[in-house]
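S.K.: Mind looking over this structure? Questions follow.
The values are calculated or read from the model by the stated rules, or taken from the named source; none is laboratory data. Model, not experiment: these values are computed from the prediction. Here the Cβ is made from the backbone with ideal geometry for all residues, glycine too, and neighbour counts use every protein chain on show. Accessible surface areas use protein heavy atoms only, side chains included; no ligands, DNA or RNA. Shrake-Rupley method; radii C 1.70, N 1.55, O 1.52, S 1.80 Å.
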Amino acid sequence: MNYAPASEIAAVDDDDAGAAIEDQRRPLRDVLSRHGQFGPGQTAGRFYPMACVALEVTQRCNLDCTLCYLSDKAEMAHDVPLPVLFRRLDIVERHYGRGVSVQITGGDATLRTVEDLQALCREIRKRGMRSCLMTNGIKATRDLLARLAEAGLDDVAFHVDLTQERKGYATEVSLNPLREEYIRRADGLGIRVLFNTTIFAGNVEELPALARFFRSQAAHVTLASFQLQAAAGRGLLRDRPDDISLKRVEAALSAGVETPLDFGAAAVGHEDCNRYASMLVAGDKAASLLNDCRLVADVFEALEQVERRRDGYIDIARTALRVAIRRPLLAFRTAGYMLDRLWRIRGGLGRSRLRAHRLAFLIHNFMDSKQLDCDRCECCVFMVIAENGPVSMCEHNAQRDQYVFEPARGMTTSGQKYWSAATGEWSNTPEQSDVRDMPFKRLKGRLRSQAHAVRVPKANRDGV
């Protein structure tokens with residue numbers, strides 16, 4: 001079905017499309033302040049109104065992870081059509097403005113046609129927002145990434161870890177050649193490369209080795225994200241072991257890069273949800289860029305004082321230049337600190353032709369779907385865009401079927417219609433459709449395991 005331009009969608013939307021948001025960062029800043037999370041090092045609500053927004057384009061996936069946030073019935077949902085996705089981009093733009101990072105995700109987004117993905121990348125770029133393709137990499141070929149980069153794709157985030165149970169990989173470190181292959185696919189295309197890793201009992205001991213790998217790839221990888229096990233979705237693994245914690249992951253990553261990383265100087269939303277560290281890397285040497293909390297706080301304050309605009313995202317590079325002119329003493333302190341960082345990695349600079357690269361680590365502590373903390377949900381900086389607006393990622397996972405199968409509006413050539421994820425059909429009214437039971441071959445996660453136990457005779461299960 002053809003879709004209408006964004007201007008027509010906005011004209012008929014029930015939301016107030018014309019209302020200008022004078023201060024887009026203020027809502028997040030206010031809620032963080034109310035919960036005691038807006039300290040001197042807080043970046044959320046200070047430099048941006050939202051860290052990122054997930055735009056789910058499919059619920060299908062070509063893997064069956066032991067830790068999966070998709071619901072039991074996700075495989076029965078039809079792919080969201082472009083008219084609905086374009087309307088949701090309207091909502092994202094109105095809430096957060098230009099500069100927000102939109103994650104094109106699922107399921108695995110690469111199961112959509114390349115033409116659909118290109119259309120989304122162009123639309124996101126046209127609106128002045130950033131696009132990030134979230135994928136397990138299986139279908140993210142060099143050709144697909146090149147075509148998306150040409151259409152405006154900014155980032156690609158590869159999810160690779162042992163929970164995916166890829167055949168032939170017994171350890172987390174054994175997956176590194178696959179990660180290198182994915183890096184090569186994106187090399188030279190002008191897009192940033194990110195990696196996601198789920199942390200669970202099966203790979204937590206390998207975290208230092210994994211951190212060393214990402215350090216060795218700092219010339220190609222911008223950010224490595226680590227997501228702690230959470231009981232959500234259809235995955236077989238449920239409750240997180242007590243010994244997997246934010247502190248343990250922080251310590252393991254610091255040990256791996258062989259330098260103390262400060263995960264508290266710069267905050268990204270709620271302290272119980274996210275931890276962030278940034279480092280300068282040259283060869284096999286690394287130095288934390290954020291271990292002087294006082295300097296970080298002073299720089300953040302100066303950036304905020306100079307940049308008075310609140311409508312969207314601060315251009316840090318441009319604003320930093322203005323700070324340097326107005327605050328020469330602070331600029332001198334910062335320059336001295338950077339020289340100290342370079343001195344600490346001097347051994348690696350000689351082996352890397354005097355080139356240093358920045359690498360960031362981000363730790364996500366997602367919540368158990370049955371034990372949501374309302375304060376943390378309110379402070380969320382990683383949202384999912386649903387039919388009626390942005391929703392906390394953890395809340396969305398807890399009530400996924402409700403959001404996924406809710407009738408969705410879209411502007412078609414024949415006017416505004418309602419689309420059903422259950423049937424894949426358009427109608428004139430927002431009628432809720434029942435989701436059919438899935439055949440065994442389409443079951444995944446817990447439902448497949450339960451169904452298999454019923455289908456296989458006990459004698460065969462016992463090996464008799």
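S.K.: Going residue by residue through the range 53-66, is there one that turns out to be within 30 Å of Ile314 (Cβ to Cβ), in contact with a Lys or Arg (Cβ under 7 Å, 6 or more places away or on another chain), at pLDDT below 95 and open to solvent by less than 10 Å² (accessible area, probe 1.4 Å)? Before you say what the answer is, go through the steps one by one.
M.R.: At the first step, the residues of the range 53-66 found to be within 30 Å of Ile314 (Cβ to Cβ) are 53-57.
Restricting the remaining residues to those that are in contact with a Lys or Arg (Cβ under 7 Å, 6 or more places away or on another chain) gives 55, 57.
Checking which are at pLDDT below 95 leaves us with none.
No, the range 53-66 contains no residue that is within 30 Å of Ile314 (Cβ to Cβ), in contact with a Lys or Arg (Cβ under 7 Å, 6 or more places away or on another chain), at pLDDT below 95 and open to solvent by less than 10 Å² (accessible area, probe 1.4 Å).
S.K.: I'd like the full set of residues that are at pLDDT 95 or above and touching a Pro at 6+ places or on another chain (Cβ under 8 Å), limited to the range 281-292.
M.R.: Listed by number, the list holds a single entry, Ser288.
S.K.: While we're on this one: Which number in (1) closer than 15 Å to Asn136 by Cβ; (2) surrounded by 22 or more Cβ atoms within 10 Å (Cβ to Cβ); (3) touching an Asp or Glu at 6+ places or on another chain (Cβ under 6 Å) marks the one condition that Ser71 misses?
M.R.: (1)
S.K.: Another question about this same structure. Residue check: is Asp108 within 18 Å of the chain's Cα centre (by Cα) and not aliphatic (A, V, I, L, M)?
M.R.: Values: within 18 Å of the chain's Cα centre (by Cα): yes; not aliphatic (A, V, I, L, M): yes.
When the stated conditions are applied, Asp108 passes them.
S.K.: May I pose another question? Among the candidates Arg192, Arg179, Arg184, which residue alone is at pLDDT 95 or above, of a type in the set (D, E, K, R) and under 17 Å from the mean Cα position of the chain (by Cα)?
M.R.: Details: Arg179 fails: under 17 Å from the mean Cα position of the chain (by Cα); Arg184 fails: under 17 Å from the mean Cα position of the chain (by Cα).
Going through Arg192, Arg179, Arg184 in turn, the sole match is Arg192.
S.K.: Separate question: For the range 92-143: of the residues being open to solvent by 10 Å² or more (accessible area, probe 1.4 Å) and among the aliphatic types (A, V, I, L, M), which is farthest from Tyr313 (Cα to Cα)?
M.R.: The selected residue is Ile138.
S.K.: Considering the range 405-433 alone, what residues qualify as being out of contact with any helix residue (DSSP H, G or I) (no Cβ under 7 Å at 6 or more places or on another chain), surrounded by 14 or more Cβ atoms within 10 Å (Cβ to Cβ) and of a type in the set (D, E, K, R)?
M.R.: Correct list: Glu406, Lys417.
S.K.: In the list Ala218, Ala157, Ala209, which residue meets the criterion of being touching a residue at least 12 places away in the same chain (Cβ under 8 Å), crowded, with 20+ Cβ neighbours inside 10 Å, under 26 Å from Arg353 (Cα atoms) and of a type in the set (Gly, Ala, Ser)?
M.R.: Ala218
S.K.: In the range 78-131, which residues are farther than 18 Å from Tyr403 by Cβ, in a strand (DSSP E or B) and in contact with a Cys (Cβ under 7 Å, 6 or more places away or on another chain)?
M.R.: Once the filter is applied, which keeps residues that are farther than 18 Å from Tyr403 by Cβ, in a strand (DSSP E or B) and in contact with a Cys (Cβ under 7 Å, 6 or more places away or on another chain), the range 78-131 yields Ser101, Ser131.
S.K.: How many of the residues in the range 237-262 are buried (at least 16 other Cβ atoms within 10 Å of the Cβ) and under 14 Å from Thr163 (Cα atoms)?
M.R.: So the count comes out to 2.
S.K.: Sticking with this structure for a sec: What is the one condition in (1) more than 22 Å from Arg184 (Cα to Cα); (2) β-branched (Val, Ile, Thr); (3) in contact (Cβ under 8 Å) with a residue 40 or more places away in the chain that Ile104 does not satisfy?
M.R.: Against the list (1) more than 22 Å from Arg184 (Cα to Cα); (2) β-branched (Val, Ile, Thr); (3) in contact (Cβ under 8 Å) with a residue 40 or more places away in the chain, Ile104 comes up short only on (1).
S.K.: Which residues, counting only those in the range 70-95, are under 16 Å from the mean Cα position of the chain (by Cα) and modelled with pLDDT of 95 or more?
M.R.: Of everything in the range 70-95, just one residue is under 16 Å from the mean Cα position of the chain (by Cα) and modelled with pLDDT of 95 or more, namely Val92.
S.K.: A further question follows. With Ser278, Ser245 as the choices, which residue is on the phi < 0 side of the Ramachandran plot, touching a residue at least 24 places away in the same chain (Cβ under 8 Å) and not acidic (Asp, Glu)?
M.R.: Result of the check over Ser278, Ser245: Ser278.
S.K.: For the range 30-49, indicate whether the set of residues that are part of a strand (DSSP E or B) and either open to solvent by 10 Å² or more (accessible area, probe 1.4 Å) or without any contact (Cβ under 8 Å) to a residue 12 or more places away in the chain (or both) is non-empty.
M.R.: Scanning the range 30-49, I find at least one residue that is part of a strand (DSSP E or B) and either open to solvent by 10 Å² or more (accessible area, probe 1.4 Å) or without any contact (Cβ under 8 Å) to a residue 12 or more places away in the chain (or both), so the answer is yes.
S.K.: How many residues are more than 12 Å from Gly45 (Cβ to Cβ) and modelled with pLDDT under 90 when one looks only at the range 298-307?
M.R.: Total satisfying the criteria: 3.
S.K.: With the condition kept exactly as written, say whether any residue in the range 164-172 is within 17 Å of Ala224 (Cβ to Cβ) and in contact with a helix residue (DSSP H, G or I) (Cβ under 6 Å, 6 or more places away or on another chain).
M.R.: yes
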